[in-house]
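**Student:** Just dropping this structure here.
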């Protein structure tokens, strides 16, 4: 499918910097006060994950939102997309990955870039209540959505009409190397701070399964994935984890309309995370690569909705029959 027109995003000159556009909404975007209603879902492995709902009177159309690394339903980009979609009669289910809702989960495993198990479990539990389902993931959550749609592990519900991913790290290995660059040290440090704290809490619950002697040796996300993500989730090492969960290898197999929005100045993404060839060869895969936007940024003034939120909404509306 030809690449979609992406030049409509024209931020002010001072926002034409990937770092500024990434950081600005995190610190300065006014968070929408949404009347979330939380529901806890029990999993077959005696664990749980929490979902925050926004339900409208029209219960026919549902969008499931998946946050990024160490995010939650409270992340500004989740709230912004939720508000945009609810204004157009979408019901919202903002899934908090395990250990991301303010409470550490019970089992050893938490979540990772390829953890589709809870997403499928949730869809199975709620699909009878809605006529149409849409999925939208951000960063790590975008990789989860694309992998879920393309890897063939689960049979997708016929009610899933379209999916979207924003700032998707399609190539996990290259992305992990990219974030180790000096210019990304600030972000990597912030991620590691909360991830390592969760491992410490996990160790209190599973002292015989987690070796925290390695904590002080973890300096990068690659180190963390090599030492903890892999061991907690059954991978041999970071290389095995990245290879197994990399969504890029599954994009050609996606059989439902899928949109990826990756800004060219995204400081997290290596060149291999812009799947031009896959989009050209798969009629179901649409790719937007605006010059600016940063990582889950796309700051927009003069409207409640950011540029990426409007484009995701418009894409979904093309495939909604309601």
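The values are calculated or read from the model by the stated rules, or taken from the named source; none is laboratory data. Quick caveat, the model's predicted, so the values are computed rather than measured. With ideal geometry, Cβ positions are generated from the backbone for all residues, glycine too; neighbour counts draw on all protein chains shown.
**Student:** Looking at segment 130-151, is at least one residue surrounded by fewer than 20 Cβ atoms within 10 Å (Cβ to Cβ), closer than 21 Å to residue 252 by Cβ and in contact with a helix residue (DSSP H, G or I) (Cβ under 6 Å, 6 or more places away or on another chain)?
**Tutor:** yes
**Student:** Name the one entry in 149, 162 that is in the same structural domain as residue 314 (by TED's automatic domain parsing), part of a helix (DSSP H, G or I) and more than 18 Å from residue 69 (Cβ to Cβ).
**Tutor:** Values: 162 fails: part of a helix (DSSP H, G or I).
Residue meeting the stated conditions: 149.
**Student:** Let me ask something else about it. Quick check on segment 201-210: of everything there that is without any contact (Cβ under 8 Å) to a residue 40 or more places away in the chain and loosely packed, with under 13 Cβ neighbours inside 10 Å, which residue is nearest to the chain's Cα centre (by Cα)? Break it down into steps so the answer makes sense when it comes.
**Tutor:** Taking segment 201-210 first, the residues without any contact (Cβ under 8 Å) to a residue 40 or more places away in the chain are 203-204, 207-208.
In the following step, the residues that additionally are loosely packed, with under 13 Cβ neighbours inside 10 Å were identified as 204, 207-208.
Values: 204: 28, 207: 30, 208: 31 Å.
Taking the candidates together, the pick is 204.
**Student:** Follow-up question, since we're still on this one. In segment 6-41, which residues are outside the structural domain of residue 281 (by TED's automatic domain parsing) and touching a strand residue (DSSP E or B) at 6+ places or on another chain (Cβ under 8 Å)?
**Tutor:** Residue satisfying the conditions is 6 alone.
**Student:** Looking only at strands (runs of 3 or more DSSP E) that fall completely inside segment 24-77, which ones have 1 or more residues that are in contact (Cβ under 8 Å) with a residue 24 or more places away in the chain and buried (at least 23 other Cβ atoms within 10 Å of the Cβ)?
**Tutor:** 48-54, 61-66
**Student:** If you check 247, 305, which single one turns out to be over 28 Å from residue 183 (Cβ atoms) and touching a residue at least 40 places away in the same chain (Cβ under 8 Å)? Break it down stepwise before answering.
**Tutor:** Working: 247 fails: over 28 Å from residue 183 (Cβ atoms).
Only one candidate qualifies: 305.
**Student:** Any chance you could count how many residues in segment 94-122 are surrounded by 24 or more Cβ atoms within 10 Å (Cβ to Cβ) and over 19 Å from residue 229 (Cα atoms)?
**Tutor:** Of the residues in segment 94-122, 2 are surrounded by 24 or more Cβ atoms within 10 Å (Cβ to Cβ) and over 19 Å from residue 229 (Cα atoms).
**Student:** Scan segment 219-228 for residues that are surrounded by fewer than 24 Cβ atoms within 10 Å (Cβ to Cβ) and within 24 Å of residue 165 (Cα to Cα) and report the count.
**Tutor:** So the answer is 2.
**Student:** A further question follows. Considering (1) surrounded by fewer than 23 Cβ atoms within 10 Å (Cβ to Cβ); (2) assigned to a helix (DSSP H, G or I), say which one residue 82 fails and leave the rest.
**Tutor:** That leaves (1) as the condition not met.
**Student:** Out of 216, 197, I need the residue that is more than 30 Å from residue 18 (Cα to Cα) and loosely packed, with under 14 Cβ neighbours inside 10 Å. Which one? Break it down into steps so the answer makes sense when it comes.
**Tutor:** Numbers: 197 fails: more than 30 Å from residue 18 (Cα to Cα).
None of the others qualify; the one that does is 216.
**Student:** Just for helices (runs of 4 or more DSSP H) wholly inside segment 212-310: which have at least 3 residues that are touching a strand residue (DSSP E or B) at 6+ places or on another chain (Cβ under 8 Å)? Explain how you work it out, then say what you get.
**Tutor:** Working: elements: 221-224, 230-233, 238-245, 276-281.
So the answer is 276-281.
**Student:** Determine which member of the set 140, 108 is within 11 Å of the chain's Cα centre (by Cα) and either touching a residue at least 24 places away in the same chain (Cβ under 8 Å) or closer than 22 Å to residue 88 by Cα (or both).
**Tutor:** 140
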